[in-house]
Amino acid sequence: MSWDVLQPPNQLAELDAGTLQYRDTGAGETLVFVHGVMVNGNLWQPAVSHLSQDFRCVVPDWPLGSHGLPFPSNADLSPPALCDLLPAFLDHLQLDQAILVGNDTGGAVCQLAVQRCPERIRSLVLTPSDAYEVFPPREFGFLAVAARSSSLMAALSHAVQWPIVHHSRAGYGLLTKAGFADDFVRSFLSPSREKDIRRDLQKAILGMSNEYTLAASRSFPHFQKPVLIAWPETNPVFPIALARRLAADFPDSELALIPDAYTYLPYDQPKLLADAIRTFVSSRFGGI
């Protein structure tokens with residue numbers, strides 16, 4: 001599989017915590033996308049190529065290990081601090097609210113936003129993500145071990161550059177059913193060759209704890225805005241039981257099952273995901 005949709009970030013948001021690079025395409029209702037660790041905004045681009053026909057799509061590279069500009073060495077990249085980047089970024093965009101679309105670790109960050117800044121969320125779309133007790137998933141527990149040592153992180157960053165590793169279960173093999181094209185893998189892995197980018201990744205990994213997602217989940221029953229849960233029925237990392245639990249806990253939610261995909265739904269099934277988001281937003285807000 002190959003996608004002719006890679007788009008390097010072409011905008012800068014200089015926030016107090018650090019500088020985010022981002023892409024800003026399309027017009028209409030604003031969608032802000034939040035990816036997980038060891039990928040960047042390119043993960044969303046196959047789906048954005050469909051969605052930008054109807055929406056303004058704002059796609060940052062969050063400081064999670066595949067970003068181009070490191071954050072300051074003293075930056076806090078714990079889950080609450082990552083969540084606090086969202087309202088700061090919306091301020092930069094001069095937006096009171098946006099529809100948040102989260103995946104993987106980014107979905108956990110969006111769940112913290114439900115707890116910490118619900119007034120900035122117009123609506124929420126969660127694709128396969130960490131949630132409840134699963135943060136981080138046990139399949140990637142080795143990352144927490146590696147993150148305790150800069151030398152181990154450097155060795156892991158070097159090893160994962162090899163196709164036999166990045167296509168394996170220890171790489172992206174459990175996360176994309178389609179398998180990443182080489183240009184996507186390069187865009188995700190090249191930044192981690194830089195020491196300061198690996199430092200940011202270490203901070204983000206070491207900060208992960210299900211105490212944050214469990215605490216955030218207690219706010220779900222009080223969140224009255226529309227929530228779309230888009231999930232594959234079979235997922236080796238984030239099982240469908242998580243999606244059903246999320247759908248039950250949010251008072252105004254819909255569950256859309258997407259076939260033939262794993263966690264990286266915007267890459268595996270970009271058109272089906274885009275169609276689900278378009279239908280959901282149209283049904284709730286109209287105007288599309």
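Each value in this text was obtained by applying a stated rule to the coordinates, not by laboratory testing. Since we're looking at a predicted model, the values are computed, not measured. Every residue, glycine among them, receives a Cβ derived from its backbone with ideal geometry; neighbour counts consider all protein chains shown.
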Checklist entry - Taking H as built 1.01 Å from N, whose amide H comes closer than 5 Å to the amide H of R122, not counting residues under 5 places away? => result A98, I99, L100
Checklist outcome for this item: Sorted by chain and then number, the residues having a modelled amide H within less than 5 Å of the amide H of D104, at least 5 places away or on another chain, are S129, D130
Checklist entry - With +1 on each Lys and Arg Cβ and -1 on each Asp and Glu Cβ, how big is the dipole of region 105-194 about its Cα centre, in debye rounded to the nearest 20? => result 80 debye
Item to check | Distance between region 218-288 and region 1-70 - C-alpha centres, whole angstrom | outcome: 19 Å
Item to check | Convex hull volume per residue in cubic angstrom - Cα atoms of region 81-140 | outcome: 77 Å³
Checklist outcome for this item: The value for region 43-164 (convex hull of the alpha-carbon atoms, volume per residue, Å³) is 144 Å³
Checklist entry - How many angstrom lie between the C-alpha centres of region 168-187 and region 122-165? => result 13 Å
Next on the checklist: Please list log₁₀ I(q)/I(0) at q = 0.12 Å⁻¹ for region 7-61, using the Debye equation with identical point scatterers on the alpha-carbon positions.
Outcome noted: -0.25
Item to check | Inter-label distance, nm, simple model (7 Å from Cα along the C-beta direction), S168/I288 | outcome: 4.0 nm
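Give, as a single signed number, the net charge of other residues whose beta carbon lies under 9 Å from the beta carbon of G26, with Lys and Arg counted +1 and Asp and Glu -1.
Numbers: positive: R56; negative: D24, D54.
Cβ neighbours under 9 Å give a net charge of -1.
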Checklist entry - What does the charge dipole of region 1-109 about its Cα centre add up to, to the nearest 20 debye, if the Cβ of each Lys and Arg holds +1 and the Cβ of each Asp and Glu holds -1? => result 240 debye
Next on the checklist: Given R₀ = 35 Å, what would the calculated FRET efficiency be for D260 paired with A155, taking r from the Cβ atoms and rounding to 0.05?
Outcome noted: 0.55
Next on the checklist: Can you compute the modelled spin-label distance between A178 and I240, with each label point 7 Å from Cα toward Cβ, in nm?
Outcome noted: 2.2 nm
Next on the checklist: About the Cα centre, and with charges only on the beta carbon of Lys, Arg (+1) and Asp, Glu (-1), how big is the dipole of the chain? Nearest 20 debye, please.
Outcome noted: 420 debye
Next on the checklist: Cα atoms only: what Rg and Dmax, in Å, come out for region 166-288?
Outcome noted: 17.0, 46
Checklist entry - If you take the Cα Rg of region 77-234 and divide it by 2.2 N^0.38 Å, with N the number of residues, what do you get? => result 1.10
Checklist entry - For region 1-98, taking Cα atoms only, what is the radius of gyration to one decimal and the Dmax to the nearest whole Å? => result 13.2, 40
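Hey, can you rank 30-43, 68-81 by average C-beta count inside 10 Å, highest first?
30-43, 68-81
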Checklist entry - Can you give the Kirkwood hydrodynamic radius of the chain from its Cα pairs, in Å with one decimal? => result 18.6 Å
